[in-house]
Amino acid sequence: MAPNGNNYINELVEIHGRSRTSLMPILQEVVARNNFISDQDMTEIAKELDLSAAQVYGTATFYSFLDTLPRGEFVIRVCKTITCDMHGKKTIIQTLEDMLKIKVGETTPNKKFTLLETNCLGWCHEGPAMLINDTPFSGLTTEKVHDIISDYIHK
């Protein structure tokens with residue numbers, strides 16, 4: 001979170017407004033800036049929009065792309081649909097876990113990578129698929145994953 005959270009949230013409210021419909025854009029922008037939404041951010045947003053903390057928390061935790069836990073610089077989301085599973089998702093997960101030395105749900109000690117599973121990414125026709133931050137990768141093989149992750153390791 002920004003050092004002065006209140007000013008930061010106030011700034012977002014000034015940009016997006018104080019209506020209930022402003023909640024999602026504000027939450028999305030907090031994630032874009034901080035890589036997650038802290039409890040303090042959610043409390044401030046609730047106060048500014050005159051919503052209950054439960055409403056803000058419920059919205060933030062409902063959507064898988066609105067992270068409420070600190071994440072790595074590169075968040076890897078592997079599609080967990082049955083289609084991707086049938087096309088080798090388990091092998092892709094195993095390859096990622098071996099390369100990064102973490103399990104699904106964990107972040108590397110250097111805070112560079114977080115590995116998650118998520119619902120459909122919309123690439124099932126070319127599964128297995130993953131998303132690294134906003135970049136999709138599909139038709140994954142062990143070799144492709146090695147090449148992709150090696151590139152990100154050196155960024």
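The numbers here are math on the coordinates, done by the rules we state, and not lab data. Note that the structure is a prediction, hence the values are computed from the model and not measured. Don't worry about glycine lacking a Cβ; one is built from the backbone with ideal geometry, like all the others, and counts go over all protein chains shown.
Observations on the model:
- Value at 222 nm in deg cm²/dmol, rounded to 500, when DSSP H runs of n ≥ 4 in the chain each add -39,500 (n - 2.57): -14500 deg cm²/dmol
- Dimensions in Å of region 74-153 - Rg and Dmax from alpha carbons: 11.2, 34
- Separation in nanometres of the label points that stand 7 Å from Cα toward Cβ, at K101 and M86: 3.8
- Partners for K112 among lysines (Cα-Cα distance below 28 Å; same-chain residues under 8 apart left out): K80, K89, K90, K101, K103, K144, K155
- For the chain, cysteines whose Cβ has no other cysteine Cβ within reach (under 4.7 Å): C120, C124
- Of E106, E14, E29, the residue with the greatest mean-square motion in the GNM of the chain, using alpha carbon springs below 10 Å, is E14.
- For the chain, share of DSSP beta bridges that run antiparallel, in % to the nearest 5: 55
- Residue with peak Gaussian network fluctuation, the chain [Cα springs, cutoff 10 Å], from L115, L49, L131: L49
- Summed residue charge, Cβ within 11 Å of D50's Cβ, Lys/Arg positive, Asp/Glu negative: +2
- Cα→Cβ-extended label distance, 7 Å offset, between I132 and K155, nm: 0.6
- Equivalent ellipsoid, region 5-62 (semi-axes from 5 times Cα gyration tensor eigenvalues, Å): 14, 13, 11
- Value of Rg to Rh for the chain (Rh from inverse mean 1/r over Cα pairs, i.e. Kirkwood): 1.04
- Amide N proximity, region 75-117 versus H125 label position 7 Å along Cα-to-Cβ, cut-off under 16 Å: 83-84
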